[in-house]
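In what follows, a single structure is set out as structure tokens and then discussed.
The values are calculated or read from the model by the stated rules, or taken from the named source; none is laboratory data. Keep in mind that this is a model prediction, so the values were computed, not measured. A quick note on method: Cβ atoms are made from the backbone with ideal geometry, for glycine too, and the neighbour counts reach across all protein chains shown.
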């Protein structure tokens, strides 16, 4: 009975509170009546006179709630539910037609039968004896009491069905949110592992080219690569990385790539002098830098790559810009693209929703990328067994979404 466990937390508490309040109303009414007439005594029979039909209504509600309503809500069998509910209503109606509540006993000395019969006609004592002893007429099987009880049951079952639909819909929404969060984590991990092989492929190609050109620079490149691998192995698998580590990663990558090119390639990295203790997801900026080196550098023409990172004064957002040269007359050049940039765009959508801005533009000589993403302030930094461990809040894109634009040229 998994559906009982699913709804036990809130739905059953709601029903319990409703019936407790409903059964408390007669007690409250008797209490108010005794305040107005202190000469009368409290009698449980008056409360039971109201509780008796309510118990039948409660029993019908429990049968509907536990056995009949799940047929529609859980199993989605509409016809079976309608037939079962009709049988329940029929049995309840049959019970009401054959069971009427007992007459209310008198509350006090002023409610005796002698006061009830004092309005008989004066000549009633002279009436014939056969008329005086005639039995009271039989009550019809369907009276006003039965109609009211049937209407109350119908409203109760309808309210029970509506409440079950509400709690079922809310539970499905919560379950769907959990599945979406799990899918988000899986897709992010998958995309990270897609970025890493792509980066290593380009890096190894660069080192292979340096081995024949300058072995000394190739050795330096291997050292730089070790720093990059350390970042990828120990930090790229985390949700948040300190901004300073991301900047060091970009600097090592640019230094290693700069060994491959001559002075004709103007490579600049402009970063803040003092980097605050803020975090951001790893490997978000490197695909755009890879793309700039791949498609913005020409051996035949002067080329440039200018990278700039700025922070808002309130440290709420980071702005990353990358501008590289384009050479439309160079037939070896290819249009910007590749596996890295589409993956990082998909990661941005998964991480931040609409709470980021990505703009790209180009002309005959330049290709420009501007990325604005929110930052997370570091909440704790400490060491454990000589290794630095950082804790931060979760990503803002997983909690809320703000207005933003994302255009790719």
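Observations
- Residue in the range 185-200 that is surrounded by fewer than 14 Cβ atoms within 10 Å (Cβ to Cβ), at pLDDT below 85 and not in a helix (DSSP H, G or I) present: no
- Leading residue by the ranking (surrounded by the fewest Cβ atoms within 10 Å (Cβ to Cβ)) among those in the range 270-292 that are outside any loop (DSSP other than H, G, I, E, B) and free of Cβ contacts under 8 Å to residues at least 40 places away in the same chain: 270
- Qualifying residue in the range 207-220 (condition: part of a loop (DSSP other than H, G, I, E, B), farther than 16 Å from residue 282 by Cα and without any contact (Cβ under 8 Å) to a residue 60 or more places away in the chain): yes
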